[in-house]
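The values are calculated or read from the model by the stated rules, or taken from the named source; none is laboratory data. All values derive from a computational prediction rather than experimental measurement. In this analysis, Cβ positions are derived from the backbone assuming ideal geometry, glycine residues included, and neighbour counts consider all displayed protein chains. Heavy atoms of the whole protein, side chains included, go into the accessibility calculation; ligands, DNA and RNA do not. Shrake-Rupley method; radii C 1.70, N 1.55, O 1.52, S 1.80 Å.
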Amino acid sequence: QKDGFDWFMRKEIHEQPRALADTLLGRYATDGSLTLDEIRIATSELRSIQRIVIIGCGTAHYAGMVAKYAIEHWTRIPCEVELASEFRYRDPIVGPQTLVVAISQSGETADTLMAIRHAREQGSKVLAICNTNGSTIPRESDAVIYTHAGPEIGVASTKGFLTQVLACYLLGLYLAQVKSTKFGEEIVAIMHELETMPELVQEVLDNQQQVLELAADFADEPSVLFLGRHVGFPVALEGALKLKELAYIHAEGFAAGELKHGPIAVIDQDLPVFVVVPPRGRDMLHDKVVSNIQEIRARGARTIVLAEQDDEAVEQYADVLIRLPKVQTLLQPLVATVPLQIFACELATQKGHDVDQPRNLAKSVTVE
Ligand code: F6R
């Protein structure tokens, strides 16, 4: 069943190109239009949406954080992301003009389920992004976009996350199409880029040797930091979560722009820092993160830098440089997360942990 892999998780990491391809399948026509048949919400209703609230737990919440950047940019609809466990207990303001998007791999997470029940009681439409056909969350939602990742057995989510992010992109582009925002040509270009993603993720998998070797150096590290900015921030959070869950190492993800507001105080030669560098685009994000790396380096910390292929600016500041395929900023999480998954899986393996069944964790959290 593990197809020759030592863990389901490792198998699932390797299935990601196929999972992405299956999630894209049939949802995009050559004329540039997107079809999301399972969205059973009338187009007129979708046009009247004034606000989007995305909810989820753990990794699914991080997928929602990535989605916020993309959906707001493409649709100009204000979009918030919240932990389902917070949303349900704080008397949130939602109503008929709010679309609540619930992200859940299993479709059974208690907090997310309770949150969507609450949202529907307030008159909101709920759209589920889910990997499990016929599970409770999509059954209780008004609409669903299924991620076609296939069963995820490893407790730590991998292909679940990547396909959730992809489904969120599809939702954002679909809403942009429905609302006929500026786009048109831009949607076609982004869809073309999304179609190349299975190949690019495969490229990352083919180059994993360096990451596997890197893990050997971390067996005795008590603590690791992850920094990212913009969509790289949720990637940093996800990298830290994977390390906590699997390697039982204290790990934290920070927004790189927050460095000077506190985290820099803990940086010294004993704390390795992973940094996700945005692609060099038209904005200043890339340069700002590169100067963060310099600041970290100046305090003696070891830097493990994830940056796009021909990014020369980072070379002199990286102790270890992990190269990523070139993609536009908003889509970078699909390639940048993969080395962090491999790293956590490998480190946990080397430490002798049960990667598929980490201690204290369950695959679906059906109780609070
Ligand atoms: C982390 C992980 C969890 C889940 C979370 C939500 O690797 O797997 O954080 O993402 O429990 O689960 P779902 O997506 O099933 O609602």
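I need the full set of residues from segment 246-293 which are among the basic types (K, R) and within 21 Å of the chain's Cα centre (by Cα), in order please. R280, the sole residue that qualifies. Within segment 18-64, no residue satisfies the criterion of being in contact (Cβ under 8 Å) with a residue 12 or more places away in the chain, open to solvent by 60 Å² or more (accessible area, probe 1.4 Å) and at positive phi. Do we find a residue being open to solvent by less than 10 Å² (accessible area, probe 1.4 Å), closer than 17 Å to G64 by Cβ, outside any helix (DSSP H, G or I) and touching a Ser or Thr at 6+ places or on another chain (Cβ under 8 Å) anywhere in segment 164-172? No, the conditions are met nowhere in segment 164-172.
Say whether the condition of being in contact with a Ser or Thr (Cβ under 9 Å, 6 or more places away or on another chain), away from the ligand (no atom under 14 Å from the Cβ) and either in a helix (DSSP H, G or I) or not polar (S, T, N, Q) (or both) is met by at least one residue in segment 53-65. Looking for residues that are in contact with a Ser or Thr (Cβ under 9 Å, 6 or more places away or on another chain), away from the ligand (no atom under 14 Å from the Cβ) and either in a helix (DSSP H, G or I) or not polar (S, T, N, Q) (or both), one finds at least one in segment 53-65, hence yes.
Of T329, T366, which residue is open to solvent by less than 70 Å² (accessible area, probe 1.4 Å) and farther than 26 Å from A219 by Cα? Within the list T329, T366, the selection yields T329.
Here's the yes/no breakdown for (1) of a type in the set (D, E, K, R); (2) closer than 27 Å to D3 by Cβ:
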position	(1), (2)
L127	no, no
F161	no, yes
Q164	no, yes
C168	no, no
M191	no, no
L200	no, yes
V204	no, yes
E213	yes, yes
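Residue count for segment 222-242 under the criterion of being open to solvent by less than 10 Å² (accessible area, probe 1.4 Å) and aromatic (F, W, Y): the result is 1. For segment 330-362, which positions are at pLDDT 95 or above and of a type in the set (S, T, N, Q)? Once the filter is applied, which keeps residues that are at pLDDT 95 or above and of a type in the set (S, T, N, Q), segment 330-362 yields Q332, T337, Q341, T349, Q350. Just one of (1) outside any helix (DSSP H, G or I); (2) surrounded by fewer than 23 Cβ atoms within 10 Å (Cβ to Cβ); (3) modelled with pLDDT of 95 or more fails for A219. It is (3).
Of a type in the set (D, E, K, R), without any contact (Cβ under 8 Å) to a residue 24 or more places away in the chain, open to solvent by 10 Å² or more (accessible area, probe 1.4 Å) and in a helix (DSSP H, G or I): which single residue out of E245, E213 fits that description?
Working: E245 fails: without any contact (Cβ under 8 Å) to a residue 24 or more places away in the chain.
So the residue among E245, E213 that is of a type in the set (D, E, K, R), without any contact (Cβ under 8 Å) to a residue 24 or more places away in the chain, open to solvent by 10 Å² or more (accessible area, probe 1.4 Å) and in a helix (DSSP H, G or I) is E213.
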